[in-house]
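Just so it is clear, none of the values below were taken in a lab; they were calculated from the coordinates. The shown structure was predicted, so the numbers you read here are calculated from the model rather than taken from an experiment.
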Amino acid sequence: MSGNHPRPRDALPPHETNEPQKPTKPQTNRNRRTDVKIFTGNSNPQLAASICSYLGREIGAAEVKTFPDGETFVKIKDSVRGDDCFLIQSICGRPNESLMELLIMIDAMKRASAARITAVMPIYGYARQDRKDQPRVPITAKLVANLLVAAGANRILTMDLHAAQIVGYFDIPVDHLHASPVLLKYITEKQLENPIVVAPDTGSVKSAYAYSRFLGCGLAITAKQRKGADEVEAYSLVGDVEGC
């Protein structure tokens, strides 16, 4: 036979084939179980300790400190590779510092190959800046959402947002919890005489009405006007609060 003819398939060496090779999958440790780890910044250490005590877990080791020039330094001391991490950090007290701590800790966990990062934020700072109500002002609640997603958060857990539509600012899942079951249980156990629920503004009427129906009591609504950053005047009251 001429040397120009292709060799029969059976004549090919064992390592040669006319069929495309399937890519080999990297070897993984299939027996490794994803662990749940809980971390905290400096805004809610007592809350994080209470949660870990209730769950029977230890707080993850992390170093969060401030340099003399005011910059924040973070080091996650525990391995989080492949783990499900919950980071408890409200944006409160010193909201700017709390927010930066949260963002930097999320970034550190992401770069340490955490499988999932959930930001647990009982207080979502900047939530009241949720709309553009005058010219040349930001929508800071949306900006905070963008920063959390960009930092690497996979999920947000927060409570009683100033406005429920803030959930829609995120492109990741958000668990919006409410404290009403705990608060209603506490109020009921107090056995108050002639209670009344007061809505401090029109935005809270729906929530206040739900509380009043559950408690079987009256409802009052106030109208207010903000005179400054820390000064609010209530100029009208709808409802009978006499004797309450």
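Over the stretch 111-244, what is the mean sequence separation of C-alpha contacts under 8 Å (at least six apart), divided by residue count, expressed as relative contact order in percent?
16 percent
Determine Rg/Rh for the chain; Rg is computed over alpha-carbon atoms and Rh is the Kirkwood hydrodynamic estimate from the same atoms. Walk me through the numbers before you get to the answer.
On the way: Rg = 27.7 Å, Rh = 22.5 Å.
Ratio value, two decimals: 1.23.
Couplings 3J(HN,Hα) of the stretch 144-155, computed from phi: 4, 4, 4, 5, 5, 5, 5, 5, x, 5, 9, 7 Hz, in residue order, whole Hz [Karplus 6.51 cos²θ - 1.76 cosθ + 1.60, θ = phi - 60°; x for Gly and Pro].
Between the alpha-carbon centres of the stretch 194-216 and the stretch 101-180 there is a gap of 27 Å.
Of all the options Phe214, Phe73, Phe170, the one that moves most in a Gaussian network model of the chain with Cα springs shorter than 10 angstrom is Phe214. With the chain treated as a Gaussian network of Cα nodes joined by springs under 10 Å, which of Pro173, Pro122, Pro135 yields the largest mean-square fluctuation? Its mean-square fluctuation being the largest, the pick is Pro135. Relative to the longest principal axis of the Cα atoms of the chain, the long axis of helix 180-190 makes an angle of roughly 40 degrees. Amide H to amide H, with H built 1.01 Å from N, Arg155 comes under 5 Å of Ile117, Ala119, counting only residues 5 or more places away or on other chains.
Only bridges with both residues in the chain count here: give the DSSP antiparallel percent, nearest 5.
Numbers: 12 of 35 bridges.
That works out to approximately 35 percent antiparallel.
In the stretch 111-244, one over the average inverse separation of all distinct C-alpha pairs is 17.5 Å, which is the Kirkwood hydrodynamic radius. Between Ala234, Ala49, Ala62, the GNM of the chain built on Cα springs shorter than 10 angstrom shows Ala234 fluctuating the most. Within a straight-line Cα-Cα reach of under 26 Å, Lys227 can be paired with the following lysines, leaving aside sequence neighbours fewer than 8 residues apart in one chain: Lys132, Lys142, Lys206. Applying the Karplus relation 6.51 cos²θ - 1.76 cosθ + 1.60 with θ = phi - 60° to the stretch 191-207 yields 3J(HN,Hα) values of 6, 6, 8, 6, x, 8, 9, 10, 8, x, 7, 5, x, 9, 4, 4, 5 Hz, where x marks Gly and Pro. Here's the list of lysines a cross-link from Lys75 could span, going by alpha-carbon distance under 23 Å and ignoring same-chain residues fewer than 8 apart: Lys37, Lys65, Lys110.
Given the stretch 36-177, what whole percent of its Cα pairs are spread farther than 17 Å?
On the way: 5889 of 10011 pairs.
Tail fraction, whole percent: 59.
When its C-alpha radius of gyration is set against 2.2 N^0.38 Å (N residues), the stretch 92-175 gives a value of 1.08. Close amide H contacts of Lys37 (hydrogens built in the peptide plane, cut-off under 5 Å, sequence separation of 5 or more or a different chain): Asp84, Cys85, Phe86. Distant-in-sequence amide contacts of Arg94, defined by a placed amide H-H separation under 5 Å and a gap of 5 or more residues or a different chain, comprise nothing. Using the Karplus relation 6.51 cos²θ - 1.76 cosθ + 1.60 with θ = phi - 60°, the per-residue 3J(HN,Hα) values for the stretch 216-225 come to x, 10, x, 9, 10, 10, 10, 10, 10, 9 Hz, with x marking Gly and Pro.
Restricting the calculation to alpha carbons of the stretch 181-238 gives Rg and Dmax of 13.2, 37 angstrom.
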